[in-house]
1. Taking the Cα centre of the range 53-102 as origin, work out the dipole magnitude from +1 charges on Lys and Arg Cβ and -1 charges on Asp and Glu Cβ, in debye rounded to 20.
2. Taking θ = phi - 60°, what integer Hz values does the Karplus form 6.51 cos²θ - 1.76 cosθ + 1.60 yield along the range 65-71, in sequence order, with x for Gly and Pro?
3. In the neighborhood of residue 17, defined by Cβ-to-Cβ distances under 11 Å, what is the net charge if each Lys or Arg adds +1 and each Asp or Glu adds -1?
4. Under the rule of at least 5 residues apart or a separate chain, name every residue whose amide H is placed under 5 Å from the amide H of residue 94.
5. Given Cα pairs under 8 Å that are at least 6 residues apart, what percent is the relative contact order of the range 16-129?
6. Ranking 147, 111 by Cβ neighbours within 10 Å, fewest first, what do you get?
7. Working out 0.36 nm times the residue gap between residue 23 and residue 89, then minus their Cα-Cα distance, what length gain in nm do you get to one decimal?
8. When the gyration tensor of the range 15-121 is built from Cα positions, what are the square roots of 5 times its three eigenvalues, in whole Å, from largest to smallest?
Amino acid sequence: MKLIEGGSGIPPEPDWSAVFPGRAKSIAADRANATRYWHDAIADLRATEKLSVVNGHALQRLVIAYILYDRAAVEVIREGPIVPAPRTKTPMHSPWATAMRDASRMANAIEAELTLSPRRRASGGKVNRRSRKPGASDQYLKSVPTENNDDEK
């Protein structure tokens, strides 16, 4: 029997090769980091009983925000927060620093929405798991003891 993701309240992991296309080493690293971030967030939401299939897209946006932050942070570390303007060469704020700040704000907002941050964790309610009511087909599919099988033992 093959387990289908999503049936147990776990959103299916996105295809990161479609989200981050390309063959560069940095893209492959982004995909690996995305998988790690995804599984960390899933584990955290599962531990606090707040994981639901409907959180899948918000989790994807969170992972993308993390990756954008990581990319921008590398460039800010390499170039510095102040860079020369392309034409005038006067000092200006790095566009990467702005992108890093925006990605951080985006991640903070999504973390709050998902109650991932410890400060907001108490405010989110738990996801109620409803048990499945047995139907008529469940009775139909049950094994019935007969003289030819060993169910009577």
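Every read-out reported here was derived from the displayed coordinates using simple, explicitly stated rules and does not represent laboratory data. Because the structure is a prediction, the values reported are computed rather than measured. As a convention, Cβ positions derive from the backbone with ideal geometry for all residues, glycine included, and neighbour counts pool all protein chains shown.
1. Around 140 debye, computed over the range 53-102.
2. Taking θ as phi minus 60°, the curve returns 4, 4, 5, 4, 4, 4, 4 Hz for the range 65-71.
3. Values: positive: 23, 31; negative: 15, 30.
Here the charged neighbours net out to 0.
4. 82, 83
5. 26 percent
6. Fewest-to-most ranking of 147, 111: 147, 111.
7. On the way: separation 66, 0.36 × 66 = 23.76 nm, distance 3.37 nm.
20.4 nm is the gain from fully extending residue 23 to residue 89.
8. With the √(5λ) rule applied to the range 15-121, the semi-axes are 30, 17, 10 Å.
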